[in-house]
Amino acid sequence: MPTQNVNLTPELDLFVKEQVQSGYYNNASEVHRAALASMARDEEERQLRLQVLRDAVQVGVDDIENGRYQTVSSAEEHSEFFDHLRNRVLSGSRKD
């Protein structure tokens, strides 16, 4: 297994030692591997969330480019639009 030397802050060094002393990990290397595995999972999840967001934005862009949008020009129209939208959501309707 490749070896790397890592400089830790005193706080992180204490944390690693506490994790080993807890008995959950056998040594500092196990703590480091667990921390990096957690970080890798977090990054993968972040990338997936980002892709979902990008996909949703693309749906919106496609809708605009294809004329599937509604313009509101007054506070009254705004309220009417969102009242209509709220009613559609609450009724489970997907079409106007």
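A few comments on the model shown:
- Which numbered condition Arg41 misses (of (1) exposed (fewer than 11 other Cβ atoms within 10 Å of the Cβ); (2) touching a residue at least 12 places away in the same chain (Cβ under 8 Å)): (2)
- Against the criterion of being among the polar types (S, T, N, Q), at pLDDT 95 or above and surrounded by 11 or more Cβ atoms within 10 Å (Cβ to Cβ), Ser22 does not qualify.
- Among the residues of region 23-77, those identified as under 30 Å from Thr3 (Cα atoms), of a type in the set (S, T, N, Q) and in a helix (DSSP H, G or I) are Ser29, Ser38, Gln47.
The values are calculated or read from the model by the stated rules, or taken from the named source; none is laboratory data. Worth saying up front: this structure is predicted, and the values here are computed from it rather than measured. Backbone-built Cβ (ideal geometry, glycine too); neighbour counts: all protein chains shown.
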